[in-house]
1. Residue under question is Leu198, and the condition is that it be over 22 Å from Ile329 (Cβ atoms), touching a residue at least 24 places away in the same chain (Cβ under 8 Å) and open to solvent by less than 40 Å² (accessible area, probe 1.4 Å); does it hold?
2. Go through (1) open to solvent by less than 40 Å² (accessible area, probe 1.4 Å); (2) more than 22 Å from Phe168 (Cα to Cα); (3) touching a helix residue (DSSP H, G or I) at 6+ places or on another chain (Cβ under 6 Å) for Gln14 and report which single condition fails.
3. For region 247-310, please list each of the helices (runs of 4 or more DSSP H) lying entirely inside it that holds at least 1 residues being open to solvent by less than 50 Å² (accessible area, probe 1.4 Å) and under 29 Å from Ala84 (Cα atoms).
4. Working only within region 32-51, note down all residues that are in contact (Cβ under 8 Å) with a residue 40 or more places away in the chain and not in a helix (DSSP H, G or I).
5. For region 80-91, name all the residues that are open to solvent by 20 Å² or more (accessible area, probe 1.4 Å), free of Cβ contacts under 8 Å to residues at least 60 places away in the same chain and either in a strand (DSSP E or B) or of a type outside the set (S, T, N, Q) (or both).
6. Restricting the search to region 59-79, which residues are out of contact with any Gly (no Cβ under 8 Å at 6 or more places or on another chain) and in a strand (DSSP E or B)?
7. Which members of region 92-130 meet the condition of being in contact (Cβ under 8 Å) with a residue 12 or more places away in the chain, surrounded by fewer than 24 Cβ atoms within 10 Å (Cβ to Cβ) and out of contact with any Phe, Trp or Tyr (no Cβ under 9 Å at 6 or more places or on another chain)?
8. Scan region 311-328 residue by residue and report those that are open to solvent by 10 Å² or more (accessible area, probe 1.4 Å), in contact with a helix residue (DSSP H, G or I) (Cβ under 8 Å, 6 or more places away or on another chain) and among the polar types (S, T, N, Q).
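The values are calculated or read from the model by the stated rules, or taken from the named source; none is laboratory data. Small disclaimer: the values here were computed from a predicted structure and weren't measured. Reconstructed Cβ throughout: ideal geometry from the backbone, glycine too, with neighbour counts over all protein chains shown. For accessibility, only protein heavy atoms count, side chains too; no ligands or nucleic acids. Shrake-Rupley method; radii C 1.70, N 1.55, O 1.52, S 1.80 Å.
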Amino acid sequence: MKRIAVLGGGNGAQALAGHLASKGFPVTLFEHPEFRHSIRCLEETKTIELTGAIEARGTLAEVTTDPAAVRDAEILYFLAPSFAQEAVFSLIAPFLGRGQRLLLMPGNFGSLVLKEALGSRLPEGFLAAESDTMPYACRIEAPGVVNVWGIKNFMAASALPASKTGDFIASVQDAFPVPLKPAPNVLSIGLSNTNMILHCPTMIMNAGRIESGDGRFRFYAEGMTDSVCAVMEAMDRERMAVGKALGLDLLSTMDDMKELYSINGESLRETILNNGAYCGHGADSPASMKYRYLTEDVPYLLVPVFEIGKKLGIPLPVTESIIRLASVIAGEDYLVTGRTLGGLDLDGVNG
């Protein structure tokens, strides 16, 4: 069985670590030392229980904040937030080995950052790839217990460079829970992450409700009303226009959801309501506006999409408005501090 390191201690990381461990893979769960509190219980029990769409229990080989633990892994799965990518890359860089495979989930253009920051330090045969999402819709319910609301039918992935994608998928597929389908390149992967469409306008347009303290609500079922979906669809058209200019045939958010979860709907609103993974449970809205639906999805998804559009001469007025409103709420100009892709080698994505 292939040796696996899962990087991160949140919902998706624990779900993947527990699921793969339950299948017999030796899994090491690594978390950045600053966030050790998220895995403290697992350091003692080394056990993760999955409930809901997956009923399983996995015992991990190791739970640690020591980056040296990734040295012996054949496959590394990164499921920490995008804002942690560079910090984790710098920690694990001295311990990366020849021939290792690293999959960023979601990538959010992170392989470009990895190449820029560590390209000269990466060992021979090391290969990184990105996906636009992670396998599960899930939440941690209690220490060591993850409720899996749904599991995707497949995921798209692309290596950097894209010419290596087939080799990458072949080397990890038997140690991954869903089929991986090759995508054209990592730009396609970043542009295909529909979290930016689903999460960001819903947060902005429900800000009063989130901050009022009147109780949490069903973020997808109740927060994504017809008006919110209209803004989503306008942003979606802008996103797909950027993809078209790059020669990429991107799915709409509605069609993407239908394919990933085998559901139907005549409109985006109806499709969301038909998605049991999103709407089949109780209140799940963020408790504050300082949540990754804004703090990650705006600077690491919307900003690079906007910047690519600007370079291509494609106006993205609705996307820009959401970025600017999110910046005001955060007290931070995301068009300055976000992932602008400036200086990164966008021409080398195909290989």
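1. Numbers: over 22 Å from Ile329 (Cβ atoms): no; touching a residue at least 24 places away in the same chain (Cβ under 8 Å): yes; open to solvent by less than 40 Å² (accessible area, probe 1.4 Å): yes.
Taking the combined requirement at face value, the residue does not satisfy it.
2. (3)
3. Numbers: elements: 253-261, 268-273, 276-279, 292-295.
Output list reads 253-261, 276-279, 292-295.
4. If the condition is that a residue be in contact (Cβ under 8 Å) with a residue 40 or more places away in the chain and not in a helix (DSSP H, G or I), then His32, Thr47, Ile48, Glu49, Leu50, Thr51 are the ones that fit.
5. Glu86, Ala87, Leu91 - these are the residues of region 80-91 that are open to solvent by 20 Å² or more (accessible area, probe 1.4 Å), free of Cβ contacts under 8 Å to residues at least 60 places away in the same chain and either in a strand (DSSP E or B) or of a type outside the set (S, T, N, Q) (or both).
6. Scanning region 59-79 gives Thr59, Glu62, Val63, Thr64, Ile75, Leu76, Tyr77.
7. Answer for region 92-130, where residues must be in contact (Cβ under 8 Å) with a residue 12 or more places away in the chain, surrounded by fewer than 24 Cβ atoms within 10 Å (Cβ to Cβ) and out of contact with any Phe, Trp or Tyr (no Cβ under 9 Å at 6 or more places or on another chain): Ala93, Pro94, Phe95, Lys115, Glu116, Arg121, Leu122, Pro123, Glu124, Gly125, Phe126.
8. Ser327
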